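Q: Here you go, one structure.
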Amino acid sequence: MSFAGSRVLVLGAEGQVGSELCRQLGDAALPAARVDVDLARTESIESEISRLGPDAVVNAAAYTKVDLAEKESDKCWAINAHAVEALASACRRRGIPLLHFSTDYVFGSHQPRTDPWTEDETPSPQSVYAKSKLAGEKLALAWERGIVVRTCGLYGQRIQLPQSNFVDTMLRLGRERPVLRVVADQICTPSACVDVVTAALFLLSRRHFGLYHIVNAGQTSWFKFAQTIMRLAGIPTPIEPITTAEYG
């Protein structure tokens, strides 16, 4: 897989997915952080794409404050849906691909299941965040050269740390608190950014347009994931299992 001679605009370049995209793309990456493109302003999107003239656009940026989105719904929709519509329109006018990252939250269920969600299953988003992400998917796929990648439980390194992923949070809390309480009745697939990005860029390089689920193999609960993180890090902090209802 090579993007030699290409110019790929990466939105959300400061995040864990964006920074991994830039690392793997190398000289082909055109990194754009929040200070470069304000996704809440569609005119900012068109201006940056016109200025840079990329051969493809990858959107790894999103409003991800799931709980706060219930109060900041306008901002959440602006970034997760309206901005994606503007990106798709800009890419359509130039005839270039758009790769957009989404989430398993669009399925809206926290009921334990051991079989994976498939691309042809019907989403049922329950929160403002999830509904906005599903809308963004549809807007990205309205462009025939759109690729949407749903993923889950991401963890990885990043250039900056405006937010924390689950691994970051567990390591921090494990050193700060005498005991941790972690949800044990939600099943997920922890997925390394390096693997998800490698697969997503493969789809982009081969022009495999459409909707895809990309995660690592296997499944576990957040509780068991936390136990493994503490064991590998050598942190002896005890962890107690709780239910989603107890977590609130």
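Q: If R₀ is 30 angstrom, what is the calculated FRET efficiency for the pair S73 and E46, using the beta carbon separation as r and rounding to 0.05?
A: In this case the efficiency is close to 0.80.
Q: Ok, one more. Place a +1 charge on the Cβ of each Lys and Arg in the chain and a -1 charge on the Cβ of each Asp and Glu, then give the dipole magnitude about the Cα centre in debye, rounded to the nearest 20.
A: 320 debye
Q: Moving to a separate point now. Can you give the relative contact order of the chain as a percent, counting alpha carbon pairs under 8 Å and 6+ residues apart? Please report the intermediate quantities before stating the final value.
A: Values: 470 pairs, mean separation 48.7, N = 248.
Here the relative contact order equals 20 percent.
Q: Sorted from largest to smallest, which semi-axis lengths in Å does the alpha carbon gyration tensor of the stretch 9-82 give for its equivalent ellipsoid, taking the root of 5 times each eigenvalue?
A: 23, 15, 8
Q: With every protein chain kept in place and ligands, DNA and RNA left out, what is the accessible area per residue of the stretch 124-248? Probe 1.4 Å, answer in Å².
A: So the stretch 124-248 comes to 52 Å² accessible per residue, rounded to a whole number.
Q: A further question follows. Once the convex hull of the alpha carbons of the stretch 74-133 is built, what does its volume come to per residue, in cubic angstrom?
A: Cα-based convex hull of the stretch 74-133, divided per residue, equals 92 Å³.
Q: On to the next question. For each pair in K75/K133; K71/K133; K75/K131; K71/K138; K71/K131, compute the distance between the two Cα atoms and list the pairs where it is over 19 Å.
A: With Cα atoms farther than 19 Å apart: K71/K138.
Q: Mind pulling the per residue volume of the convex hull built on the Cα atoms of the stretch 162-217? Å³ is fine. Present the calculation step by step, with values, prior to reporting the outcome.
A: Working: hull volume 7.0 nm³, N = 56.
Value for the stretch 162-217: 124 Å³ per residue.
Q: OK, next. Out of I49, A140, G5, whose Cα points farthest toward the positive end of the dipole of the chain (charges: +1 Lys, Arg; -1 Asp, Glu; placed on Cβ)?
A: Among I49, A140, G5, the one farthest towards the positive end of the dipole of the chain is G5.
Q: Then there is this: Starting at the first residue of the stretch 228-241, write each ³J(HN,Hα) from the Karplus equation 6.51 cos²θ - 1.76 cosθ + 1.60 with θ = phi - 60°, in whole Hz, x for Gly and Pro.
A: 5, 4, 5, 5, 5, 7, x, 9, x, 4, x, 10, 9, x
Q: While we're looking at this one, here's another question. Could you work out what % of the accessible surface of the stretch 68-192 is carbon and sulfur, using a 1.4 angstrom probe and leaving DNA, RNA and ligands out of the count?
A: 50 percent
Q: Please state, rounded to one decimal and in Å, the Kirkwood hydrodynamic radius that the chain gives when every pair of distinct Cα atoms enters the mean of 1/r.
A: Details: mean 1/r = 0.0533 Å⁻¹.
Result for the chain stands at 18.8 Å.
Q: Using all Cα-Cα distances in the stretch 22-158, what percent lands in each 10 angstrom bin from 0 up to the longest?
A: Going from the shortest bin to the longest, the percentages are 11, 41, 35, 12, 1.
The values are calculated or read from the model by the stated rules, or taken from the named source; none is laboratory data. Just so it is clear, the model here is predicted, and its values are computed rather than measured. As a convention, Cβ positions derive from the backbone with ideal geometry for all residues, glycine included, and neighbour counts pool all protein chains shown. Calculation scope for accessible area: heavy atoms of the full protein, side chains included, ligands and nucleic acids excluded. Shrake-Rupley method; radii C 1.70, N 1.55, O 1.52, S 1.80 Å.
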